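Each remark here refers to the structure printed beneath this line.
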Amino acid sequence: MKTLEICTGDPEGIQTAFEAGANRIELCSGLAEGGLTPSVAIIRFASELKKGSVNVLIRPRAGDFVYTPDEVKVMTDDIRSAMAAGASGIVTGALTPEGKVDVQACAAFIEAAGDGADSTFHRAFDVTADPCEALETIIGLGFKRILTSGQASSALEGACLIAALRKQARGRIEIMAGAGICPENAAEILRLTDADALHASARSLKNSAMKTAATDATMGSADAADGSRMATDYIKVNKLHNLINHL
């Protein structure tokens, strides 16, 4: 059976994802920036629900995946804090300036997570210089899975590479397809890739609860002026869940 992982980061979204049928969540903040490390409080909240696996994104900032020693230290400390708060595992990755997997940093991440922790190498994989070489390096480091769009703008467009990676992996690591996955294309992506899992945000626009008139003030460059936001959509998650379970 394939696994459905939903990326979310707020209490309502966490509960919605699990109630709609997600097997696992990738817990993060800052989805508009590609995802950032969430707070310890939200990790504890998600873990204490005991409704499914909670893997925590460890990414200290937006931008590339080439990290300084200080950033690596912050990331390893965040990993220990996340695991202590009840996380099932981590979602992370680091690269060298040449586009290779940063073995030293990633080994430190795996060690910090501890024995028995789940581990996903995230879409830093999609900007590696040689994905076939990167796959072997990630397997050697002990990661349990790779999240990838097949180095394309969406998993559907990168389906050929995702299928090739799964063939190369030969069951040594899970290959999880992500980027642009929705109920309308999920079956086709699975048919083309035979991926072990699907990763989706499954969000839709949610109107603001504010009853006062909107002003020109915004809280960030990605914010809607009327206070609306993108939120985990029960119907989308449930459709993905049903699709996966009826293949």
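The values are calculated or read from the model by the stated rules, or taken from the named source; none is laboratory data. The structure presented is a predicted model; accordingly, all values stated were derived computationally and were not measured. Quick reminder, even Gly has a Cβ in these numbers, built from the backbone with ideal geometry, and neighbours come from all protein chains shown. Note: accessible area is taken over every heavy atom of the protein model, side chains too, but ligands, DNA and RNA are not part of it. Shrake-Rupley method; radii C 1.70, N 1.55, O 1.52, S 1.80 Å.
The DSSP beta bridges internal to the chain are antiparallel in roughly 20% of cases. With Cα atoms defining each centre, the range 1-47 and the range 143-164 are spaced 21 Å apart in the structure.
On the principal axes of its alpha-carbon atoms, the chain has extents of 55, 44, 34 Å, going from largest to smallest.
Modelled label-to-label distance, D115 and E133, 7 Å Cα→beta-carbon offset: nm? In this crude label model, D115 to E133 measures out at 3.4 nm. Each residue of the range 200-209 is assigned a 3J(HN,Hα), and the resulting list reads 8, 8, 6, 10, 8, 5, 10, 5, 5, 7 Hz, derived from the Karplus form 6.51 cos²θ - 1.76 cosθ + 1.60 (θ = phi - 60°), x at Gly and Pro. Pairs exceeding a 32 Å alpha-carbon distance, out of K73/K211; K2/K50; K50/K73; K100/K206: K73/K211; K100/K206. Looking at the range 1-145, the DSSP beta bridges with both ends there are about 10 percent antiparallel.
Cα convex hull, the range 1-126: 107 Å³ per residue, rounded to a whole number. Translational diffusion coefficient of the range 59-118 (Stokes-Einstein, Kirkwood radius from Cα pairs, 10 °C, 1.306 mPa s): 135 µm²/s.
Converting phi to 3J(HN,Hα) with the Karplus coefficients 6.51, -1.76 and 1.60 and the offset θ = phi - 60°, the range 178-189 yields x, 3, x, 7, 8, x, 6, 10, 4, 4, 5, 5 Hz in sequence order, with x at every glycine or proline.
Rolling a 1.4 Å probe across the protein heavy atoms gives the range 1-156 an accessible surface of 40 Å² per residue. Karplus-derived 3J(HN,Hα) values for the range 68-77, using 6.51 cos²θ - 1.76 cosθ + 1.60 with θ = phi - 60°, are 6, x, 5, 5, 4, 4, 4, 5, 5, 5 Hz; glycine and proline are entered as x. Averaging Cα coordinates gives a centre for the range 175-195 and one for the range 69-111; these two points are 27 Å apart.
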